[in-house]
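Quick note: the coordinates plus some simple rules give every number you see, no bench work behind them. Note that the structure is a prediction, hence the values are computed from the model and not measured. Every residue, glycine as well, gets a Cβ built from its backbone with ideal geometry; the counts of neighbours run over all protein chains shown.
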Ligand SMILES: [Zn+2]
């Protein structure tokens with residue numbers, strides 16, 4: 001099981017048309033909002049689809065999220 005949170009950099013199985021495969025998680029919930037770190041384009045994926053295409057968590061955001 002993968003534990004991911006806002007701010008994490010993740011690698012997806014599918015490469016973005018721009019050539020980048022690293023994404024930053026911007027929002028979690030029913031849908032996961034991720035931003036391509038290469039071209040800065042934002043994608044909104046349903047959680048099951050996101051988890052299916054998630055390959056690896058590259059960088060964990062350690063700052064505790066209390067806002
Ligand atoms: Zn891109």
What order do you get for 18, 36 when you list them from fewest to most C-beta neighbours inside 10 Å? 18, 36
In percent, how large is the relative contact order of segment 9-59, given Cα pairs closer than 8 Å and 6 or more residues apart? 39 percent
For the chain, I need the span (max minus min coordinate) of the C-alpha atoms along each principal axis, in Å, sorted largest to smallest. 35, 22, 18
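Write down the percent of antiparallel bridges among all DSSP beta bridges whose residues are both part of the chain, to the nearest 5. Write out the running numbers ahead of the final one.
Numbers: 16 of 16 bridges.
Roughly 100 percent of the beta bridges in the chain run antiparallel, per DSSP.
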